[in-house]
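Visitor: Below you'll find the structure I mean.
The values are calculated or read from the model by the stated rules, or taken from the named source; none is laboratory data. Since we're looking at a predicted model, the values are computed, not measured. We place every Cβ from the backbone using ideal geometry, glycine too, and count neighbours over all the protein chains shown. Calculation scope for accessible area: heavy atoms of the full protein, side chains included, ligands and nucleic acids excluded. Shrake-Rupley method; radii C 1.70, N 1.55, O 1.52, S 1.80 Å.
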Amino acid sequence: TIKLKGESEYRRALNQITQNLREVSSEMKIVTSTYDKNDTSTEALTAKSGVLNNRLEEQKAKLKLVSDQYKQYYDAVKESANEHIQLGEKLEDAKGKLASIEAQVGKNSQEYKDQEKVVNELQKQYDESTAAQDKNKKSLSQLAVQMNNAEADVIKTTKEIDNLGKESNDCLLYTSPS
């Protein structure tokens, strides 16, 4: 599996953002419990807007962090896949050489036994690399899910802020003197 440079910093930053989002969520609970659901007073709308804007900023930070990590991991997985292909080619070449040695001098020669060891070692490396490729693809997929969820959260919060802005405008229309 791939261990990226800066992965522990990424995890720390992601944990901090997640904690900040929990805090903002608890702030929204306070605002929601303080004001009636249908309260469209300027004070209520301002409080809701402030918390939503804080949430949006944290969500954008999370999206950027996860997106950057995804791009970095994607590049590393791509490089690892290329190395895996090269290892497979090397293994096939070694198998071809082994078959050639067998045809020329037989299975009992020292040259054949030495090449057989090379093939066996390459096969072991290739099998390990295959398993690592599977893990890398799964990890990349999990990062893609995190990134998509973070983007969906940003979109949802943006819509909530837009709707709050509409409520605020409606409130001003109904309360302004004619």
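Visitor: Scan the range 11-48 for residues that are free of Cβ contacts under 8 Å to residues at least 40 places away in the same chain, of a type in the set (Val, Ile, Thr) and under 18 Å from residue 154 (Cβ atoms) and jot them down.
Guide: Across the range 11-48, the qualifying residue is only 24.
Visitor: Which one of these is of a type in the set (A, V, I, L, M, F, W, C), in a helix (DSSP H, G or I), over 13 Å from residue 10 (Cβ atoms) and in contact (Cβ under 8 Å) with a residue 12 or more places away in the chain: 65, 87? Give the steps one after another, and end with the answer.
Guide: Numbers: 65 fails: over 13 Å from residue 10 (Cβ atoms).
Step by step, each of 65, 87 is checked, and only 87 is of a type in the set (A, V, I, L, M, F, W, C), in a helix (DSSP H, G or I), over 13 Å from residue 10 (Cβ atoms) and in contact (Cβ under 8 Å) with a residue 12 or more places away in the chain.
Visitor: Conditions: (1) assigned to a helix (DSSP H, G or I); (2) under 30 Å from residue 163 (Cα atoms); (3) out of contact with any Leu (no Cβ under 8 Å at 6 or more places or on another chain). Residue 37 meets all but one. Number of the miss?
Guide: (1) is the only condition that residue 37 fails.
Visitor: Out of the residues in the range 82-109 that are among the aliphatic types (A, V, I, L, M) and over 21 Å from residue 128 (Cα atoms), state the one that is least open to solvent (accessible area, probe 1.4 Å).
Guide: The residue in question is 101.
Visitor: Would you say residue 27 is acidic (Asp, Glu) and either open to solvent by 90 Å² or more (accessible area, probe 1.4 Å) or touching a strand residue (DSSP E or B) at 6+ places or on another chain (Cβ under 7 Å) (or both)?
Guide: Details: acidic (Asp, Glu): yes; either open to solvent by 90 Å² or more (accessible area, probe 1.4 Å) or touching a strand residue (DSSP E or B) at 6+ places or on another chain (Cβ under 7 Å) (or both): no.
When the stated conditions are applied, residue 27 does not pass them.
Visitor: Here's a follow-up. Name, by its number, the condition in (1) under 26 Å from residue 67 (Cα atoms); (2) assigned to a helix (DSSP H, G or I) that does not hold for residue 5.
Guide: Of (1) under 26 Å from residue 67 (Cα atoms); (2) assigned to a helix (DSSP H, G or I), only one is false for residue 5: (2).
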